[in-house]
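Notes follow the structure.
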């Protein structure tokens, strides 16, 4: 029996119908919008989708909860605190984030749409928002996330 390899076909780009998503601003962080998908209170898991503006970075921050991500569209650029690009993450890739990792991030030339899953594991605080010198300016808590969820649901 002879086997022949089929030529690899190129997959079309992902066109997310993000006009169907009700995007919300994120207080304290510019150049992104988000929508909360779900909060699992029992396991303290928060799922959300974030849309990053093209060629813009967001405020420096530090994830206090394990935050995993799937790049849905565009490319996500990760930046060191000094502004150097650390990594470019293309659409279709999954990443397991690190905690206590001060960084900034932003969209590539076409922006980025990213699914995040934050595993808070009983932590009260989720994210630290920092100034350019990496000084903590604000802390996002689970109570803040719950309030945003209630507002998004119209409760």
*Give the shape of the chain as rounded, prolate or oblate, defined through the alpha-carbon gyration tensor: a ≥ b ≥ c are the square roots of its eigenvalues, a/c under 1.5 means rounded, and otherwise the shape is prolate if a/b is larger than b/c and oblate if not.*
prolate
_Model label zone, residue 137; criterion: amide N under 15 Å from point 7 Å along Cα-to-beta-carbon; scope segment 54-80_ = 57-62
*Gaussian network model of the chain, Cα springs within a sub-10 Å range: biggest mean-square fluctuation belongs to which of 43, 98, 51?*
43
*Report, to the nearest 10°, how far helix 142-153 tilts away from the longest principal axis of the Cα atoms in the chain, using its own Cα long axis and a range of 0 to 90°.*
70
*Two-site label geometry, residue 56 and residue 115: point separation in nm, points 7 Å out along Cα→Cβ*: 2.5
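No value in this document is a laboratory result; all are computed from the given coordinates. Keep in mind the model is a prediction, meaning the values are calculated, not measured. Backbone-built Cβ (ideal geometry, glycine too); neighbour counts: all protein chains shown.
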